[in-house]
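Throughout, read-outs are computed from the coordinates displayed, never taken from laboratory work. No experiment lies behind these values; they were computed from the predicted model shown. Counting neighbours? That spans all protein chains shown, and the Cβs are built from the backbone with ideal geometry, glycine included.
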Amino acid sequence: MARPGHSTAWLPLLVLLFAAGAAAQSGCLSATFTGGRTFLKCNQLPVLGASLHWTYHAGNGTADIAFRAPSGADGWVGWGINPSGSGMAGSNVFVASQSGGAVSVLTTILRTTAPTLDNTALSFDVPVPASAEYAGGAYTIYATVALPGNTTSQNTVWQAGPISGGRISPHPVSGQNLQSAQNLDFLSGTSTGGSNSRLHRRNLHGVLNGVGWGVLIPLGAMIARYLRVFESADPAWFYLHIACQISGYALGVAGWGLGLKLGSESKGLTYSTHRNIGIAIFCLATLQVFALFLRPDKKNKYRVYWNAYHHSVGYSVIVLAAVNIFKGLNILKPVTGWKTSYIVILATLAGVALVLEAITWAIVLRRRKRNQAHGGANGTGVQL
């Protein structure tokens, strides 16, 4: 357990986390649909956990689409195209909801930001009537649309909201509901208008913080606690501990700074708890870095107080980081692979820590017994 090869034990965890990132990008490609429906392209939309799947037919300028978004049975979801602008007003939309277990689709034109949802014909052709289904906690809307203006670049919108008294109620006017619009090219599959670029930065923010605060910092703490018990690991354990903590701090600060930038760009959209915990993590971790320069010698009478401070602040950072990563995942609402992978990482670290805890205590107790039998000191020089 004290072998240098263990310094690379964290590599599989990082590979697992980045694999989750790849799963998030390609997750919509693995979606399946009823009736044997298949679609050639898909786009994991940046907010509301939604995805759009389509097949574009260049011959007649139409697109078969499937829009899928999570919702409770007491909610509604909608998707549409705005032929005249980039916002909700003017959009031609399909809205799926259910009553008495029967799922239906309403088509309407949002002529204002507070429209009356009457079932009306859209301004573009819908060659195949729209349909919808509800399964697995998500609605899926199916439709074939003639792209307005016979152009592949379209301003698309999507939404989700509640049903009250059997009627479709307005969606929230905050958070992700204010970000659900993007320009999509149905031919190339590329999207712009605050979607891919911002989503990429949000994902990068999550990966940096997940790897930094959520993997490297706990791993460094485990190295300091368990490897130093082995005499052959001294002083290698200390340098490994410092390497993990400094690397984790650097990645975490980069992710924290990116989070502040994203927050400054989202006027009126504030995740107060997530932000405040992030600030607390940064402050505590920075104190830890500066505390290294004030570390007393092992024989100094104040060393015990420094150790108590160092351990309590360090473990506080680890706990707060785990809490905040889950809060971030709930905000980002990625495909399940992200959260599942992080849970696997935490469970792996916790399992390894439990095993090493038992092993190191057995070693420490055996040394104490041997030292006492030989008239040695009661301590072993190792603090757990």
By the mean-Cβ-within-10 Å protection proxy, highest first, 274-280, 208-214 rank as 208-214, 274-280
Give the Rg (one decimal place) followed by the Dmax (whole number) of the range 311-353, computed from C-alpha coordinates and expressed in Å. 11.7, 35
Can you tell me the Rg and the Dmax, both Å, for the Cα atoms in the range 196-370? 18.2, 65
Please list, ordered by chain and number, the residues whose modelled amide H lies under 5 Å from the amide H of residue 90; skip anything fewer than 5 residues away on the same chain. 110, 111, 112
Sort 59-67, 172-180 by the packing proxy (mean of other Cβ within 10 Å over each peptide's residues), most packed first. 59-67, 172-180
Which distance in nm do the two modelled labels at residue 372 and residue 302 give, with both placed 7 Å along the Cα-to-Cβ direction? 3.5 nm
Multiplying the sequence separation of residue 38 and residue 190 by 0.36 nm and subtracting their Cα-Cα distance, what value in nm do you get? 52.8 nm
